[in-house]
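A.B. asks: Below you'll find the structure I mean.
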Amino acid sequence: MSKEMPVYNSIGKTYNATRKADNRITNILVRELKIKPSATILDIGAGTGNYSYELAEMGYHVIALEPSKVMRTQAKHHRNILWKEGIAEQIPLEDNSVDGVICTLASHHFRDLALCFSEMKRVLKENGKITLFTLDPRLCDADCWLLDYFGSILEDAYNIHPPIKNLSQLLEEQVERTPKIIPYPLPHNLMDQFFFAGWRKPEIYLNSEFQKGTSPLAKENNKEVIECLERLSFDLKDGNWNKKYNHILGLDEYNCGHFFLVV
């Protein structure tokens, strides 16, 4: 069971409005898996299947594993996608049954990472690759305005996201291979609008659809969320945000602590 199943049962209803696969992320997943189309990929924590669908369009056979019924109800379907209900700690597949495993921005919701990694290894064929897209908020650039305005909300992120070194070490212990860490500065025009994706568009955080698609902001009537959004709204209107962070608007990419972990 996911740590935040109630939240994802809620945001799953409108998830596809803002969460779309970004081709740059998809291409890195494929590049690092190093397997040919027609191979079988397990997408763990597939959500509504945005990345599963893109991989299926490329010719891969995808097993989309997702515990949330609401997410699966909103799921994208494709002749090359097999949807399964299940959790990463108990993958409902046979040993050595998939050619590659991906997990995009979902590993921080797992209850037992060691068990999840062990399960990934179990279902993976010999020489198959695991590619995780995740984040360590400790690695955000020091001048990241999101930490300024949403710091009280993001405190939880430090608890649910292990430091990258710890995560890499845990993966190595379970899979018995040394992971490769690939930093991923976020482009300013990401199609997949997860929480940090709007780093160059502060006004997007005041958009209700964007809020519903990101777990930190999707907590309805949460006092801390409301206070953070009110402060941002005020500072955007009176120019305080622009005075302090205008330099960010000229950047094409920004380090928000995201990376790929490949083993």
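A.B. asks: Could you grab the pairs with beta carbons closer than 6 Å, sequence gap of 6+ or different chains, first residue in the stretch 47-66 and of a type in the set (D, E), second one in a helix (DSSP H, G or I)?
C.D. replies: E54/T26; E66/R72
A.B. asks: In this structure, does I35 turn out to be assigned to a strand (DSSP E or B), surrounded by 17 or more Cβ atoms within 10 Å (Cβ to Cβ) and in contact (Cβ under 8 Å) with a residue 12 or more places away in the chain?
C.D. replies: Answer is no for this residue.
A.B. asks: Kindly indicate which of S107, S97, S68 is among the small types (G, A, S) and under 18 Å from V262 (Cα atoms).
C.D. replies: From the options S107, S97, S68, the qualifying one is S107.
A.B. asks: Based on what the data block shows, is I28 over 21 Å from S215 (Cβ atoms), surrounded by fewer than 21 Cβ atoms within 10 Å (Cβ to Cβ) and either more than 16 Å from the chain's Cα centre (by Cα) or of a type in the set (D, E, K, R) (or both)?
C.D. replies: Judged against the criteria, I28 is not a match.
A.B. asks: Identify, from the list L124, L139, L135, L115, the residue that is out of contact with any Pro (no Cβ under 9 Å at 6 or more places or on another chain), touching a residue at least 24 places away in the same chain (Cβ under 8 Å) and within 23 Å of L251 (Cα to Cα).
C.D. replies: When all the criteria are applied, what remains is L135.
A.B. asks: For the stretch 234-263, which residues satisfy the criterion of being loosely packed, with under 15 Cβ neighbours inside 10 Å and assigned to a helix (DSSP H, G or I)?
C.D. replies: Within the stretch 234-263, F234, K237, D238, N240, N242, K243, K244, N246, H247, L249, G250 qualify.
A.B. asks: Considering only the stretch 55-96, how many residues are among the acidic types (D, E), over 18 Å from N23 (Cα atoms) and open to solvent by 40 Å² or more (accessible area, probe 1.4 Å)?
C.D. replies: 3
A.B. asks: Same structure, new question: I'm told L82 meets every condition in (1) part of a strand (DSSP E or B); (2) touching an Asp or Glu at 6+ places or on another chain (Cβ under 7 Å) except one. Can you identify the failing condition by its number?
C.D. replies: Of the numbered conditions (1) part of a strand (DSSP E or B); (2) touching an Asp or Glu at 6+ places or on another chain (Cβ under 7 Å), the odd one out for L82 is (2).
The values are calculated or read from the model by the stated rules, or taken from the named source; none is laboratory data. Since we're looking at a predicted model, the values are computed, not measured. Note: ideal-geometry Cβ built from the backbone for every residue, glycine included; neighbour counts use all protein chains shown. The accessibility values were calculated without ligands, DNA or RNA, using every heavy atom of the protein model including side chains. Shrake-Rupley method; radii C 1.70, N 1.55, O 1.52, S 1.80 Å.
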